[in-house]
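Take a look at the structure below.
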Amino acid sequence: MGTWPLTVTKEMEKRKELFRRDPDRALIGAGGYKAADEAIVHDAAIALALGKNVLLKGPTGSGKTRLAETLSALFGQPMHSINCSVDLDAEALLGFKTIVHKNSQAVIEYVPGPVIQAMTKGHLLYIDEINMAKPETLPILNSVLDYRRRLTNPLTGDLVQAKPTFGVITAINEGYIGTVPLNEALKNRFVVINVPYVQGETLKSVLLAQTTLTDETLIDRFVALSADLLVQVRNGQIAEEAASVRALLDACDLAAYMPPLRAIERSIVDKLDDERERAAVRNIAETWFDE
């Protein structure tokens, strides 16, 4: 990863020691994100070490979640996750009340959600696809994301103050179906890191490290396929998901056990709704792989 600024190195070491025996150590990310530009990881880690909120912006399947897990691993810090959707509500963020039986009596007990857990434990909070959530749901996080680092929990009435090591990472897929633009008040609370698709030798190293395919000749062809698909995405001929690195990983895994063209059909082509897009991907794949 290169050389870290001394302040960042000290913060990483401090957090690793702090969470070394944390009961939630299983929530520490496994890492594994690779980028052609090391500044992506460096800048995100520096921002976190300085107490900034980090917004990862990039196409679907570009590795944003893997990058968040890598940041968790670098700091040795447990990370609580929220997957946003239009159905996301305050309970999914803050927790809920439930009835439990204690000493033969039914009592109402509060179960803290991921936001409250991350704040009170000083952990990381990862909010995936934050722009999938309804705009009216997100303002509840405004005071958590600014200098105050606190909120009044509407479910309990308690004032919750985050511990100093608490950090927030969010991810968005811009322009994706079902997403809404983040309002400026929310966006201004983040340092933005662009996460593009990896290509070339970096992509090859990812495929070798993260798939069961070991045939380097085939892997080189998958790398070339990815480059051609990206050209078509930029030209507006096929959807972004056709060039997803996640889909390419699936294709490589399958190609270790079946013909590559069939693997591409299952992992990439069949995910597309438009017949013209499916035909375009098939045509590109057939230039690199034989039946």
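A short reminder: the numbers here are calculations on the coordinates, not readings from a lab. In this text the structure is predicted, and so the values were computed from the model without any measurement. Virtual Cβ from ideal backbone geometry, glycine too; neighbours counted across all protein chains shown.
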Where both partners of a DSSP beta bridge lie in the chain, what percent of those bridges are antiparallel, to the nearest 5?
-> 40
Residues whose placed amide H lies under 5 Å from that of GLY95, excluding near-sequence neighbours | GLY113
In debye to the nearest 20, how big a dipole does the stretch 191-264 give about its Cα centre with +1 on each Lys and Arg Cβ and -1 on each Asp and Glu Cβ?
-> 100
Filter on LYS16/LYS52; LYS97/LYS163; LYS97/LYS121; LYS97/LYS134; LYS10/LYS64; LYS14/LYS204 - keep pairs with C-alpha separation over 27 Å | LYS14/LYS204
Enter the Cα centre distance for the pair the stretch 185-222 and the stretch 66-88, rounded to the nearest angstrom.
-> 18
Rounded to the nearest 500, what is the chain's calculated 222 nm mean residue ellipticity when only DSSP H runs of at least 4 contribute -39500 (n - 2.57) each, over all residues?
-> -12000 deg cm²/dmol
Within the stretch 143-242, GluC sites (Glu not before Pro) in DSSP loop having at most 15 other beta-carbon neighbours inside 10 Å = GLU174
If you place +1 on the Cβ of every Lys and Arg, -1 on the Cβ of every Asp and Glu, and leave all else neutral, what size is the dipole of the chain about its Cα centre, to the nearest 20 Debye?
-> 1440
So how much slack lies between LYS187 and ASP270, counting 0.36 nm per residue of separation and subtracting their Cα-Cα distance, in nm?
-> 26.4 nm
Give me the Debye-computed log₁₀ of I(q)/I(0) at q = 0.14, 0.17 Å⁻¹ for the stretch 6-194, equal point scatterers on Cα only, no solvent, two decimals.
-> -0.78, -1.13
Multiply the residue separation of ASP24 and GLU109 by 0.36 nm, subtract the distance between their alpha-carbon atoms, and state the gained length in nm to one decimal.
-> 28.5 nm
Where both partners of a DSSP beta bridge lie in the stretch 72-175, what percent of those bridges are antiparallel, to the nearest 5?
-> 55
